Structure formats: structure tokens, C-alpha cells
Amino acid sequence: MLPSLLPIAALVALASSPSFTLAADAQPYSWKNVKIGGGGGFVPGIVFNPTEQGVAYARTDIGGAYKLNPDDSWTPLLDFANSETWNYWGVDALATDPVEPNRLYLATGMYTSDWDPYPGHIMISEDYGASFSVVDLEFKLGGNMPGRGMGERLVVDPNDNSVLYFGARSGNGLLKSTDYGATWEAVSALPSAGTYIPDASDTTGYNSDIIGISWVTVDSTSGASGSPSPRVFVGVASMGEDNIFVTENAGSTWSSVTGQNNTYIPHKGTLSPSEGVLYISYSDGAGPYDGTMGSLYKYDIANATWTDITPASGDDLYFGFGGVAVDLQVPGTIMVAALNSWYPDGQIYRSTDSGATWSPLWDWAVYPEMNKYYYYSDDLAPWLGPNYVETTPGTLQIGWMMEALVIDPFDSDHWLYGTGATIYGGHDLTAWDTTHNVSISSLADGIEEDAILGLISPPVGPSLISAVGDNTGFVHEDLDTAPVTRFTNPEWSTSVDVDYAGNVPTTIVRVGNAGDEAGKQIALSTDSGATWTPDSAADNAVQGGKVAISANATSIVWSSSGNGVLVSANSAAFAAASGLPDGTVIASDKVDDSVFYGASGADFYVSSDGGATFTAASTLGDSTAPFDIAVNPGALGDLWVSTDKGLYHSTDGGATFTAVESVTQAWAVSLGASPTEGDYPAVYVAATLDGVTGYYRSDDEGANWVQIDDAAHGFGSPGSNVLTGDPRVYGRVYIGTNGRGIFYGDIA
Ligand SMILES: *[C@@H]1O[C@H](CO)[C@@H](O)[C@H](O)[C@H]1NC(C)=O
Ligand SMILES: *[C@@H]1O[C@H](CO)[C@@H](O)[C@H](O)[C@H]1NC(C)=O
Ligand SMILES: *[C@@H]1O[C@H](CO)[C@@H](O)[C@H](O)[C@H]1NC(C)=O
Ligand SMILES: *[C@@H]1O[C@H](CO)[C@@H](O)[C@H](O)[C@H]1NC(C)=O
């Protein structure tokens, strides 16, 4: 049965570049990433331009797109995304133009659910990604949704580069442009828009949407330069019904490709033009985390012949397949990645005879010993794992979520692949066929994709300590050098918050949300985060939320996720703090060991007994959602509170507040070094000030502000960001983003 045809009409006209407006006076800042250096998150797509040597791009699911540099490093392309354009950082598909390599197209948008209020976009660059114009689609895209590693769903016809195809999600089907992406029309004759839904019962909308078109591949050999290629293949995310279609007339009519095996979902359809062959990887899920079975097929276009060339079988086949690469210099040399081989490690196979025979990246010696046909180096991001050749089975050195696998079209030795955490690759790939031993290096330098959940800049020791999603967090000894290690013991996947004790600032607390089985979700360090001890005062079931430690490190208040606000004094077991609603925003005083602060709704609370009891002290105008509390370590009772309705300042310990008049909404707020020693600290805030949302600094207690973000640095969604001023360097502020790592800014 064919699903009904597509509801999409023609789309909108070309919009201009995103605009940038200033409210307060601007002060030029110099912004750089704090180097973590290993990517830090999923890299679902890597695409080489087939025409211009060295042109390649990577796309990420929450941190935008990047362009490859000749020295293997990467340059971010979407750092301008701001409070209104943060969904540009979810890049669902990417196409580089084979005819005019300066042209680059991105399909962006983060979620098709109501987590993302914005439509999807086709972003068009004519200068290799240096600038973009933006076409808004009439529907949403899901750059951080299931199936994001399939593709590419967006392609340029190599025979007529004014023609583009884009395969949408959500049942919106295939779109075609004949004017370089400026306008789009539905290709309504395509028989299926895909029917696979990962979990129809998911009420969040994240897993319950149709994955849609999984890839579009133009058969360049079907036509000649100057007119559109007649033959185009489309894979759709469906199982158990036809999922590969072909047109012979550039999209007017379509048919199922005969002889296809529709048992699994086609993830990639990679053309080997000189062989006239399409290589198709399949998995029994949409990815990127799943897949317990799959296959690899070769489709000979000329005689419509399918061959099963799956490189593993029997007990060795317990995963689906993701990335497929062809060596355009050496027809018949192909590679395929296991999408997720969780044990003992990821797997990649290589064939030099079009898939007739294969060799793996590792195989079993005498179990559990493995023969590793590679040398592993993570010199550029040592925290990714111990830089060893031998590893314990199960530590996943090779990677997981391996959907992006490419060989440089100009250099058979140069290859790259994306994982759930980074980009790996090397420059000696053909050694696979001679010595069967290649180097695999972390090559994500410049890609900073971490989601930062907490930041502190204590007055002594390292200038920055982070709590990080998926990679737990780091002590940033040197802002420009990748950390050697992440936090260990405990090494939760995610640390959600971190705080230091004002009078003993080498004492740090952090909390995580890794689930009961990970043990205590709170840990203490007395050496500025170098070593940690799980806090035995906590119940394993308590996790998440925000944490604050008292000035002398005597007591800890934990506004947990789901277990209310708890307090532990002198290492006694955590118990409910009295007087505070669940989810209260908390902070410790940095001078008086007995004082904590809380904000919930419009109410501001103070505790003067080490967090045991809180009492409502005052109100924060008509606020309904406080965001952050910043406490001045140099003046007792001086503090700032940001809320959905403004920015409030108290100089009497929260008894009374003054609202900053020009601010109508504020997110992270922090204090940093003052312009002159002894003066009031610099105040930093993410806020809507005089109607303009941005990042601001005041050197006079909030009377005057300068805007410090700029047209090139938007930091994504302010509501997801954390921020901390440096107490030792005037003007320096750190902004932790949700997907673009940490930036530090200095007055230019
Ligand atoms: C289709 O693929 C499945 C899974 O790989 C396999 O078990 C089945 O035999 C294939 N069917 C045909 C007709 O080849
Ligand atoms: C199809 O063509 C390929 C080469 O183009 C050839 O190797 C293969 O044997 C052919 N298959 C059939 C069934 O004719
Ligand atoms: C591959 O090379 C590395 C580095 O020289 C070596 O440690 C490793 O044992 C080699 N792998 C095999 C299977 O010989
Ligand atoms: C906390 O530390 C400060 C500074 O070291 C000290 O003066 C004060 O007495 C301490 N307070 C308590 C309650 O221990």
C-alpha cells in the first residue's frame, strides 16, 4: 500500500542573512573556544567535494557545521547562530557543489517536536560557508533527532548544479529546486515518504515522528554535463516495504527499484560512478544508537542486479551498518562501518574487490585478545581515552554511532569517520592493503561540540572548571590546550553542575545524572578538581539539578531533579532542606559559611543555618522563573538574580531588590574581576536589554552596559547557556553553550 502523497507546496523566497542589532554600546571582544579538542559529540556527516581537492565539511547534531583546513583542523561555520537562530546548529544534511565547489548547502533545524519553535531551513553559501542566505521551509527539520546519521538527504546534481534534491522528515517527502536552492517544490510522484517511526508511543514527539527520506543519490553517469541527470535514487526509512526508488526523468515519475531487499532500513546509498554501482548499507533501526542487525548490498545499475555483500555473518553479525565509503581513485575499493558494535569495539571493513572479500579493522586472536590492525593516537584530545595500543575489550576505542565514513576523493590514503564522540581518521589508509595496519588519530581539532552544563572560575587554581554533558567535565588548566583527562572517579557520563567553596576555593562539588547504577551522583574535590571522592552522604537515587557548597565547605545544598532540595552538613546524610519548593534555583554565599540563597517563582529565600531551613525574604517583581543567582564574593549580602522578567540586584542579603530597568528577561549572570582592584566587580549577563537579546557587561553595578556578543558570535540559545566571569582577569568571561563548547572572551 502506498502512503498518501505529500502535503507540501512550493516554498518561500530567499531571505537575507540573519540580522544583528545592538542595544547598548558595543564593545569589541575577542572570542575563542576553550580547547577541548576532541569534538565531544556525534558527528553524523562528513562530505568531501569531489571536484576541488581539500574541500570537505562535517556536520554535527547540536553544534553546527565545520570546514576542513589543510592542517586537518576544522573551522566552525555557524557561530553566528543566536537566540533566534539557535536551531541552525542542528544540521540534518549537507551538500557541497561538485560543479562550483564554492557553493555549500545546509539543511538545518533541531527538532520537529515543540522543543524547537522554529521552522527548518535550507542555508545557502556561495563562499564555502563563510556566509549564508537562508530559505525557511514550511516545516521543521530534526538535526538532533533519530535517523540524523542517514544520508545525505540533500544533494546537488553534478550535471546541472542549479538542481538540488532534499529528502525531508515527518512525511514531507522529497523536494526539488531548480534555482540553486532558492525555491523548492514537492516531488509528489515519489511513491513513499518513508513510514518508519522509532517509537509511536513517545509523547515527547522525539521518537514518534516519521524519519522520512534517508538519502538521495543522483546517478551522475545517467546524463551529461549541462542538463539535469535523469536518474536519481532515493532511499526512505521504511522496513518491510519497498524503500528504494528510482526516477529516470529527473523526478517526474518514480518506481521501486526491482529486486531490492526491504528487510532493513537503507542508511546510505553511495555511488561508485566508474563501476556504475550503488552501495547500500542497511540497519534494523534509524540510528544513531540502535541497530542489532543489518546488511550491505551492491546494486549494479546497468543490469539491475543486486548482490548481498554483507561483510559479516552468523555470530559475527550483531549490528547494523552505517557509513559506506568508496575510493574514487581506485574503483572497487570500498569500506563500511558497523553502525554500533558495542562489544568489544566498533568495526570497519575494507574491500578492494567491490565487496567480494573483506578485511576487518580488528579480529579475535585468542579470546579475549584482539588483533588490532591499527595504531591508535589521541594526541590531539588525550581525554578521549588512554593513548594505548592495547585496550580492554569493551572500552570502544574505534567508536560507535559510525554513520560518517569517507575517503578523500583526491587521496586514497586520507580517510575520516565520525563517531558518537569525535572524528577519527588518518593519512596512511592504503597500508590496510599492504601491512594491514593503519593509524587512527583523533582529527577533530577545532570541532568543539560539547554541551556545557556548569562552569566555575574559582579565584585560585585553574581558571576554569566545567560540568559537561556526555563527557562529564574538565579542569581547563590551559584554555588553549586540550585537557589530558576528564573527571574520573566518579566518571559519570554527564555532570550537570559544579560549585566551589568561597573561603576554600580549592574545594569543589559537582553533581551528575547518570542513574542509580552509577553510584553516588555527587562528588567532592579538595584539589581544584584534580581528584574526586564520591560523597557518601548521598543516596544513589538522587541525581541531577543544581548544587551549592557553603563558603567554608561545611554544608552542601542540592536542588535535585525529582528529590527536592536536600542539604548535608558536616558529611551527614542528605535530608530535605525546609522551606524550599522543588527545583529552586540555589547559591551559596561565598563569605559566610552559614548562608545560602534560593529563588523560586517570584520568591527569594535565605538560609542562615547552613541550608537547613530557608525563609522567604522578598520578592522578585512578577517573575515566574528565576534562572541564576550570582553572589559577590567581595561584599557580604551583595547578589544578583536573573529571571524571566528581569535582572535584580540586592545589597542587603536579599531583603530588598532593585530591578535593572532596561532588562526584561535575563538568563545566566555572573561577576568577574573589576576594572580596578577594590572596585565593584564586573557584572556579566545574558539578557534582553532594551529589547535586544545578547550578552552584556556592566562596570558600574548595572547602571550602564556594553554588549559583548557580536554578529559573528551568537552562542546559540541563551536559555541553555551557562556563563561565568573570571575573578582574576578583568573583562574575561566564559560562555558555555549547548553544543558549541565553551567560549572565552576578552576585551579586544
Ligand atoms: C533479505 O535480507 C534478509 C536480512 O539480511 C535475509 O535474511 C533474507 O534472506 C534476504 N532475502 C532475500 C530474498 O535475499
Ligand atoms: C551485471 O554487470 C556487472 C558488471 O557491470 C557484472 O559483473 C555482473 O556479472 C552482471 N550481472 C549479471 C547478472 O549479468
Ligand atoms: C599495528 O601497529 C601497531 C603500531 O606499530 C602495533 O602496536 C600493533 O601490534 C600492530 N597490529 C598488529 C595486529 O600487528
Ligand atoms: C570560615 O572561614 C573563614 C576564613 O577562613 C574563617 O574566618 C571563619 O571563621 C570560618 N567560619 C566557620 C564557621 O568556620
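FYI, it's all coordinate maths here, none of it is from the lab. What you see is a predicted model; the values in this text were computed from it and never measured. All Cβ positions, even for glycine, are placed from backbone atoms using ideal geometry, and neighbour counts span all protein chains on display.
Charges were assigned to the Cβ only: +1 to each Lys and Arg, -1 to each Asp and Glu. The resulting dipole of the chain about its Cα centre is roughly 600 debye. For the stretch 677-714 versus the stretch 512-588, the spacing of their alpha-carbon centroids is 31 Å. The distance from the alpha carbon centre of the stretch 487-510 to that of the stretch 188-250 is 47 Å, rounded to a whole number. What the phi angles of the stretch 465-482 give under the Karplus curve with 6.51, -1.76 and 1.60, with θ = phi - 60°, is a coupling list of 9, 10, 10, 10, x, 6, 10, 6, x, 9, 9, 9, 4, 9, 5, 9, 10, 4 Hz, glycine and proline written as x.
Look at the Cα gyration tensor of the chain: its axes a ≥ b ≥ c give a/c of at least 1.5 with a/b over b/c, and that counts as prolate. If I take R0 = 60 Å and measure r between the Cβ atoms of L479 and S201 in this structure, what FRET efficiency does the formula 1/(1 + (r/R0)^6) give, to the nearest 0.05? Once the sixth-power term is evaluated, E becomes 0.85.
Stretching the chain fully between E661 and N261 yields a gain of 137.5 nm (0.36 nm per residue, less the alpha carbon separation). Under 5 Å between amide hydrogens, built in the peptide plane, is the criterion, and for G323 it picks out A337, E403, A404 among residues at least 5 positions away or on other chains. The gain in end-to-end length when the N552 to V729 segment is fully stretched comes to 61.3 nm, 0.36 nm per residue minus the alpha carbon separation. Taking the average, over residues, of other Cβ atoms within 10 Å as the packing measure, peptides 53-61, 358-366 rank 53-61, 358-366 from highest down.
Can you order the peptides 373-383, 734-744, 421-431 by their average number of other Cβ atoms within 10 Å per residue, highest first?
Highest mean packing first, the order is 734-744, 421-431, 373-383.
With the cut-off at under 13 Å, measuring from each backbone N in the stretch 664-705 to a point 7 Å along the Cα-to-Cβ line of T651 picks out 680-681, 700-703. With Cα atoms defining each centre, the stretch 268-325 and the stretch 92-128 are spaced 26 Å apart in the structure.
Given R₀ = 51 Å, FRET efficiency for T75-T305 by Cβ-Cβ distance, to 0.05?
Values: r = 43 Å, r/R0 = 0.84.
The calculated FRET efficiency here is 0.75.
Taking each residue as 0.36 nm, the span from D746 to F410 lengthens on full extension beyond its C-alpha to C-alpha distance by 116.9 nm.
Using just the helices of the chain, give the 222 nm mean residue ellipticity in deg cm²/dmol: DSSP H runs with n ≥ 4 each add -39,500 (n - 2.57), and the total is spread over all residues, rounded to 500. Value at 222 nm, helices only: 0 deg cm²/dmol.
Only bridges with both residues in the chain count here: give the DSSP antiparallel percent, nearest 5. Antiparallel bridges: around 95 percent, rounded to the nearest 5. DSSP assigns beta bridges within the stretch 569-647; of those with both partners inside it, close to 95 percent run antiparallel.
Given N residues in the stretch 452-747, what is Rg(Cα) / (2.2 N^0.38 Å)? Cα Rg divided by the expected 2.2 N^0.38 Å: 0.91. Summing +1 for each Lys or Arg and -1 for each Asp or Glu among the other residues whose beta-carbon sits under 13 angstrom from that of L164 gives -4. Between Y375 and V438, S439, I440, the built amide H atoms are under 5 Å apart, and every one of these is 5 or more places off in sequence or on another chain. Other residues whose C-beta falls under 9 angstrom from the C-beta of T624 contribute a net charge of -1, scoring Lys and Arg +1 and Asp and Glu -1. The phi-based Karplus calculation (6.51 cos²θ - 1.76 cosθ + 1.60; θ = phi - 60°) puts the 3J(HN,Hα) values of the stretch 331-339 at x, x, 8, 9, 9, 9, 10, 4, 4 Hz, whole numbers, x for Gly and Pro. First check a/c for the stretch 37-442, with a ≥ b ≥ c the square roots of the eigenvalues of its C-alpha gyration tensor; if it is under 1.5, answer rounded, and if not, answer prolate when a/b is larger than b/c or oblate otherwise. Since a/c stays below 1.5, the shape of the stretch 37-442 is classed as rounded. When +1 charges are put on Lys and Arg Cβ atoms and -1 charges on Asp and Glu Cβ atoms, the dipole computed for the stretch 452-747 relative to its Cα centre reaches about 420 debye. The D242 and S313 beta-carbon pair, evaluated with R₀ = 25 Å, returns a calculated FRET efficiency of approximately 0.50. Taking amide H as placed 1.01 Å from N in the peptide plane, A93 has its amide H under 5 Å from the amide H of A107, each at least 5 places away in sequence or on another chain.
Label-to-label distance, D428 versus T178, with points set 7 angstrom from Cα along the beta-carbon direction: 5.2 nm. Local charge for T183 was computed over the other residues whose Cβ lies under 13 Å away, with Lys and Arg +1 and Asp and Glu -1, and equals -3.
Backbone geometry of the stretch 215-232 corresponds, through the Karplus equation with coefficients 6.51, -1.76 and 1.60 at θ = phi - 60°, to 3J(HN,Hα) couplings of 7, 10, 10, 7, 7, 4, 7, 7, x, 10, 3, x, 9, x, 5, x, 9, 9 Hz, x marking Gly and Pro. If you take the square roots of the eigenvalues of the alpha-carbon gyration tensor of the stretch 353-447 and sort them as a ≥ b ≥ c, do you get rounded (a/c under 1.5), prolate (a/b over b/c) or oblate? Oblate shape, in that a/c is at least 1.5 and b/c is the bigger or equal ratio.
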